[in-house]
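Single-structure report; data block below.
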Ligand code: SF4
Ligand code: SF4
């Protein structure tokens, strides 16, 4: 099976997002994209994750509203190209939360 190598995943608290786009610009592999036709309850567009996250944590560091939780996977996985449902990654590999540096 071929897919997009993925080493990390993020949880996005979409209701805390203010739609500023900073995380999209900060993501080195460009796997975050803002919604175009969906909004949170405060009326802001919010980011969605596609396959290929490296777990680098830049999105979390750039977000002024603490929207992201980032995990690095214990081992890389290959995911189908396109948006990642959080449950898809969690089903594939038990995520390892990088709490200690
Ligand atoms: S952890 Fe890194 S690669 Fe993954 S979404 Fe955030 S900035 Fe992008
Ligand atoms: S940086 Fe944070 S507040 Fe700004 S769009 Fe991204 S998730 Fe939303």
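Tell me which residues, restricted to the stretch 25-54, are surrounded by fewer than 18 Cβ atoms within 10 Å (Cβ to Cβ) and within 9 Å of ligand 1 (Cβ to nearest atom).
Answer for the stretch 25-54, where residues must be surrounded by fewer than 18 Cβ atoms within 10 Å (Cβ to Cβ) and within 9 Å of ligand 1 (Cβ to nearest atom): 26, 28, 29, 30.
Only one of (1) surrounded by fewer than 16 Cβ atoms within 10 Å (Cβ to Cβ); (2) modelled with pLDDT of 95 or more; (3) touching a strand residue (DSSP E or B) at 6+ places or on another chain (Cβ under 7 Å) is not met by residue 64, so which one is it?
Residue 64 satisfies all of (1) surrounded by fewer than 16 Cβ atoms within 10 Å (Cβ to Cβ); (2) modelled with pLDDT of 95 or more; (3) touching a strand residue (DSSP E or B) at 6+ places or on another chain (Cβ under 7 Å) except (3).
Do you know which of the residues in the stretch 1-20 that are within 14 Å of residue 68 (Cβ to Cβ) and without any contact (Cβ under 8 Å) to a residue 60 or more places away in the chain is surrounded by the fewest Cβ atoms within 10 Å (Cβ to Cβ)? Step through it out loud before you land on a result.
The first filter runs over the stretch 1-20 and keeps only residues within 14 Å of residue 68 (Cβ to Cβ), leaving 8-18, 20.
Restricting the remaining residues to those that are without any contact (Cβ under 8 Å) to a residue 60 or more places away in the chain gives 12-18, 20.
Working: 12: 19, 13: 14, 14: 18, 15: 11, 16: 15, 17: 22, 18: 16, 20: 16.
Result: 15.
Here are the criteria: (1) under 16 Å from residue 6 (Cα atoms); (2) over 13 Å from the mean Cα position of the chain (by Cα). Tell me which single one residue 36 does not satisfy.
(1)
The values are calculated or read from the model by the stated rules, or taken from the named source; none is laboratory data. Since the model is a prediction, treat every value here as computed from it, not as a measurement. Reconstructed Cβ throughout: ideal geometry from the backbone, glycine too, with neighbour counts over all protein chains shown.
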